[in-house]
Amino acid sequence: MQRRHFESIAEILRATTPLARDGDDAMTMWKVVVIRFAQRLEQTNARFDRERFLEACGMGEEREQIEQERYERTMRIRGSVPAGRP
C-alpha cells in the first residue's frame, strides 16, 4: 500500500470518531480498531509511519496511554500479567 491509501484510511477512521455522548465503550472500541489498523498496515509497507498514522486518525498524544490500557485489559482477560508490568 502507498501513502495515499494510508491517508484515506486515516481520514475515514478520524471521521468515525465517537462523540462523547456515545459513551466510553464506543470510544474504547474505536481506539482498538485504529490500533489494529495501524498494526496491520505496518506489515504492508516498511516505510509506514505508525505515529503519523495514529495522529492522522485523531489519536496523537493518547497513543501510548491507549496501547497501555489495551495491554492491561488483554492481560486481565487472559488472567496473567507478565513480570515487570503492574
- Output for the range 14-54, where each listed residue is among the charged types (D, E, K, R) and under 11 Å from the mean Cα position of the chain (by Cα): Lys31, Arg36, Arg40, Arg50, Glu51
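So which residues in the range 1-27 are touching a Lys or Arg at 6+ places or on another chain (Cβ under 9 Å) and surrounded by 15 or more Cβ atoms within 10 Å (Cβ to Cβ)?
Narrowing the range 1-27 to residues touching a Lys or Arg at 6+ places or on another chain (Cβ under 9 Å): 3, 6, 10.
Phe6, Ala10, listed by residue number.
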- Item | Which numbered condition Glu72 fails, given (1) modelled with pLDDT under 70; (2) surrounded by 11 or more Cβ atoms within 10 Å (Cβ to Cβ); (3) more than 25 Å from Arg4 (Cβ to Cβ) | (1)
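The values are calculated or read from the model by the stated rules, or taken from the named source; none is laboratory data. Quick caveat: nothing in here was measured; it's all calculated off a predicted structure. Positions of Cβ are generated from backbone atoms using ideal geometry, with glycine treated the same way; all protein chains shown enter the neighbour counts.
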